[in-house]
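Student: Submitted below is the structure of interest, expressed as structure tokens.
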Amino acid sequence: MADRPFTWPDNARVAFVLGIAFEAWDRKKPTRGAALQSPLPKDALCKWDYSTETFREFGPKVGLRRLLDICSKYDIKVSLPINGLTCEYYPELVKECHKLGHELVAHGWDQGENLYMLTREQERENIRKTIEAIVKVTGEMPAGWSSPGVRSTDNTPELIAEAGLLYHCDYHDDEMPYPLKVGDKMLIEFPHQYTVNDHRMLHGVTRRAFFEGFKDEFDYRYKIGRKTPTMMNVITHAYVSSRIPLIDTFERIIAYAKKHKEVWFARRGDVAAWARKHYLGQ
């Protein structure tokens with residue numbers, strides 16, 4: 001393990017990593033979860049919550065391309081956690097994301113299927129199917145894994161290492177990437193950060209307050225970054241940040257970060273690869 005000080009490429013103060021989750025729920029199963037209202041009651045005669053279903057469909061129908069256009073405007077590449085079902089339902093959109101140079105992060109087969117409800121073999125199959133779906137559409141193996149709901153099981157790190165993935169995104173115990181030993185293999189943990197997550201704007205946080213929260217965090221990280229390099233992990237969703245006027249906040253976040261020098265604009269896989277080289281010399 002490296003004992004030299006951690007640095008980013010070109011001695012950047014901050015690694016700025018933007019994620020756009022592009023998720024899909026199984027269309028053959030009754031609605032799970034809720035977006036705008038409380039979930040349907042268990043005794044509801046209609047099991048399809050069209051409010052939630054159509055809210056989520058805004059992403060592939062309208063929103064994702066809006067977000068990608070802004071990313072192109074600022075020449076920024078992002079990481080997109082996608083489900084296996086995303087590849088089945090929206091293969092052309094997935095291909096477009098990949099063609100543009102954005103990174104696809106394996107995000108479970110079905111966004112509504114929690115890994116903690118699966119046996120070890122069921123989880124292995126979930127991981128296998130998800131990876132195969134991404135490879136089938138893009139021709140490229142994903143490097144990383146983010147569990148639906150950001151909730152791993154006892155088995156997840158070992159199973160994704162077994163499947164050939166290189167990094168994991170579910171833990172909250174650090175702000176910087178670190179090596180995670182799994183049997184005779186080594187993953188890189190890319191820690192999850194909830195502080196800048198656009199879901200907050202669905203739960204009472206105004207877009208102005210959301211931007212100011214981002215700005216406060218970015219400014220502090222930039223201030224300390226010369227002596228202590230740090231990472232900014234911004235998490236958005238295709239069906240949330242793409243809506244007017246929230247998309248203005250999405251653009252303001254990117255534009256604000258772009259105004260600063262000594263910032264490395266990276267994808268999760270770029271950060272994980274850099275950390276692997278630093279810690280393991282690989």
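Student: Among (1) of a type outside the set (D, E); (2) surrounded by fewer than 23 Cβ atoms within 10 Å (Cβ to Cβ); (3) closer than 27 Å to T249 by Cβ; (4) free of Cβ contacts under 8 Å to residues at least 40 places away in the same chain, which single condition is L104 missing?
Tutor: (2)
Student: Of these, T31, T52, T86, which one is touching a helix residue (DSSP H, G or I) at 6+ places or on another chain (Cβ under 9 Å), within 29 Å of I253 (Cα to Cα) and surrounded by 12 or more Cβ atoms within 10 Å (Cβ to Cβ)?
Tutor: T86
Student: The conditions are (1) surrounded by fewer than 14 Cβ atoms within 10 Å (Cβ to Cβ); (2) touching a helix residue (DSSP H, G or I) at 6+ places or on another chain (Cβ under 9 Å), and D198 fails exactly one of them. Which is it?
Tutor: Of the numbered conditions (1) surrounded by fewer than 14 Cβ atoms within 10 Å (Cβ to Cβ); (2) touching a helix residue (DSSP H, G or I) at 6+ places or on another chain (Cβ under 9 Å), the odd one out for D198 is (1).
Student: Among the residues of segment 158-171, which ones are more than 17 Å from N114 (Cβ to Cβ), in contact with a strand residue (DSSP E or B) (Cβ under 6 Å, 6 or more places away or on another chain) and outside any loop (DSSP other than H, G, I, E, B)?
Tutor: E158, A161, Y167 - these are the residues of segment 158-171 that are more than 17 Å from N114 (Cβ to Cβ), in contact with a strand residue (DSSP E or B) (Cβ under 6 Å, 6 or more places away or on another chain) and outside any loop (DSSP other than H, G, I, E, B).
Student: Separate question: Return the only residue of T249, T236, T228 being in a helix (DSSP H, G or I) and either modelled with pLDDT of 95 or more or in contact with a helix residue (DSSP H, G or I) (Cβ under 8 Å, 6 or more places away or on another chain) (or both). Full working, then the answer.
Tutor: Numbers: T236 fails: in a helix (DSSP H, G or I); T228 fails: in a helix (DSSP H, G or I).
Exactly one residue qualifies, and that residue is T249.
Student: Let me ask something additional. Counting just the residues of segment 8-35 that are without any contact (Cβ under 8 Å) to a residue 40 or more places away in the chain and not β-branched (V, I, T), which one comes out nearest to E175 (Cα to Cα)?
Tutor: Selected residue: A34.
Student: Now, a different point. Residue pairs, Cβ under 8 Å, 6 or more apart or interchain, first in segment 219-232 and within 13 Å of T195 (Cα to Cα), second small (G, A, S) and part of a helix (DSSP H, G or I). List them.
Tutor: If the second residue must be small (G, A, S) and part of a helix (DSSP H, G or I), the pairs left are M232/A257.
Student: In the list D154, D184, D174, which residue meets the criterion of being over 28 Å from K61 (Cβ atoms) and at pLDDT below 95?
Tutor: The unique qualifying residue is D184.
Student: Further question on the same structure: Scan segment 62-81 and report the pairs whose first residue is farther than 15 Å from E103 by Cα and whose second residue is among the β-branched types (V, I, T), with Cβ atoms within less than 7 Å and a gap of 6+ or a chain change.
Tutor: Taking only residues 6 or more apart or on different chains, the pairs are R66/I247; I70/I254; Y74/I254.
Student: Take D216 and decide whether it is part of a loop (DSSP other than H, G, I, E, B), at pLDDT 95 or above and either of a type in the set (D, E) or within 27 Å of R66 (Cα to Cα) (or both).
Tutor: When the stated conditions are applied, D216 does not pass them.
Student: I'm checking my understanding of the structure. Among residues of segment 180-192 that are assigned to a loop (DSSP other than H, G, I, E, B), at negative phi and surrounded by fewer than 18 Cβ atoms within 10 Å (Cβ to Cβ), which one is nearest to the chain's Cα centre (by Cα)?
Tutor: So, considering only residues that are assigned to a loop (DSSP other than H, G, I, E, B), at negative phi and surrounded by fewer than 18 Cβ atoms within 10 Å (Cβ to Cβ), the one nearest to the chain's Cα centre (by Cα) is P191.
Student: Do we find a residue being in contact (Cβ under 8 Å) with a residue 40 or more places away in the chain and out of contact with any strand residue (DSSP E or B) (no Cβ under 9 Å at 6 or more places or on another chain) anywhere in segment 115-124?
Tutor: Yes, there is a match, as at least one residue in segment 115-124 is in contact (Cβ under 8 Å) with a residue 40 or more places away in the chain and out of contact with any strand residue (DSSP E or B) (no Cβ under 9 Å at 6 or more places or on another chain).
The values are calculated or read from the model by the stated rules, or taken from the named source; none is laboratory data. What you see is a predicted model, and the numbers here were worked out from it, not measured in a lab. Reconstructed Cβ throughout: ideal geometry from the backbone, glycine too, with neighbour counts over all protein chains shown.
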